[in-house]
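Comments concern the structure below.
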Amino acid sequence: MADSSADTSAVPRNVDDVQEVTPWEVHAGEKGIDYQRLIEKFGSQRIDPSLLERIERLTKQTPHRFLRRGIFFSHRDMQQVLDNYETNKPFYLYTGRGPSSEAMHLGHLVPFIFTKHLQDVFDVPLVIQMTDDEKFLWKDLTLEEAHRLAYENAKDIIACGFDINKTFIFSDLDYMAQEPQFYRNVLRVRKCVTFNQVKGIFGLTDSDSTGKIAFPAVQAVPSFSNTFPQIFGDRADVFCLIPCAIDQDPYFRMTRDVAPRLGYLKPALIHSTFFPGLQGPKGKMSASDPNSSIFLTDAVDQITAKVIPITVTYVQTTLLSQTCTVRVLPFLDPEARVFGRP
């Protein structure tokens with residue numbers, strides 16, 4: 001799952017005002033991502049205390065720590081999800097992964113950890129899309145390698161502990177060939193979205209391949225319940241909630257625009273912030289940059305080699321520059337002696 005072009009509504013005042021958040025690029029100034037600005041740009045709603053109170057009242061559980069700490073911070077139509085739950089109307093969860101690396105990293109885990117919590121609390125079906133077709137189109141991967149990585153990444157996802165009786169994990173390359181309704185919905189969406197709309201929403205250009213232009217419909221259609229007849233039969237009226245990082249929102253703004261024209265329900269979304277890369281808050285952990293990420297398969301010595309130099313740099317540039325009265329750097333050296341003790 002990749003899951004909009006640069007904001008041109010105002011001229012940046014300085015380098016810290018510059019940020020770009022698309023399904024494929026995330027970067028900002030030294031102060032990091034301005035999430036309030038994203039809410040305003042994308043037109044979503046901030047998760048507020050009243051929403052958390054309602055979640056707690058209906059589920060009779062303390063809201064997940066990702067909600068309490070603002071890691072999931074924005075939503076579209078979450079109140080409608082709770083309305084459905086309160087009136088015993090069905091809904092399902094949909095999230096995904098774009099497999100571009102041998103293993104997932106800590107940032108990839110955030111939506112899956114939260115989705116596992118949602119499945120446990122609401123006791124609902126879950127579909128997980130592996131967009132191996134997308135990674136073939138955007139990355140320097142063969143079709144066979146992208147497909148293989150989908151299965152490798154699925155192992156990490158399965159390890160999160162989802163309910164095996166209510167979870168369907170699928171590769172686009174496999175499922176579209178097996179389920180006619182998937183491709184039929186893809187065609188319905190494509191007919192509703194123009195070339196110019198896709199370029200405007202996703203920042204694509206005339207130089208991009210037709211595969212990239214056509215792909216967004218593939219990520220859209222798992223939002224519609226009749227894409228999965230083996231789960232929902234021919235029902236098109238089962239509501240969908242999508243937990244994802246906010247860079248995926250452009251796909252589902254498009255989906256929400258198209259859905260009523262097809263007689264389908266608009267999906268609801270709940271957005272997370274980004275897990276910062278090891279180099280700092282200017283970007284997110286990325287599988288494309290191994291030095292920015294801690295992968296789930298990293299050994300202890302590999303994690304240490306990534307984290308310690310960054311910690312030393314942080315101490316030198318931040319703490320020591322603030323005229324700290326206690327020198328912190330020796331704590332990072334196992335051979336150092338501080339106050340006479342090892």
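Some points to look at:
- The listed residue being of a type outside the set (V, I, T), touching an Asp or Glu at 6+ places or on another chain (Cβ under 8 Å), open to solvent by less than 30 Å² (accessible area, probe 1.4 Å) and outside any helix (DSSP H, G or I), out of L269, L265: L269
- Just one of the numbered conditions (1) under 26 Å from I39 (Cβ atoms); (2) at pLDDT 95 or above; (3) outside any helix (DSSP H, G or I); (4) of a type outside the set (D, E) is not true of R235: (1).
- Residue that is modelled with the highest pLDDT [pool: residues in the range 185-202 that are in a helix (DSSP H, G or I) and polar (S, T, N, Q)]: N185
- For the range 155-184, a tally of residues being closer than 22 Å to W24 by Cβ, assigned to a helix (DSSP H, G or I) and open to solvent by less than 40 Å² (accessible area, probe 1.4 Å) returns 3.
- Of all residues in the range 120-154, those satisfying the criterion of being outside any loop (DSSP other than H, G, I, E, B), of a type outside the set (D, E, K, R) and open to solvent by 10 Å² or more (accessible area, probe 1.4 Å) are V121, F122, F136, L137, W138, L143, H147, Y151, A154.
- Selection within the range 72-119 - open to solvent by less than 10 Å² (accessible area, probe 1.4 Å), assigned to a loop (DSSP other than H, G, I, E, B) and over 20 Å from P250 (Cα atoms): A103, M104
The values are calculated or read from the model by the stated rules, or taken from the named source; none is laboratory data. Since the model is a prediction, treat every value here as computed from it, not as a measurement. All Cβ positions, even for glycine, are placed from backbone atoms using ideal geometry, and neighbour counts span all protein chains on display. Areas reflect the complete protein model, heavy atoms only, side chains present, ligands, DNA and RNA absent. Shrake-Rupley method; radii C 1.70, N 1.55, O 1.52, S 1.80 Å.
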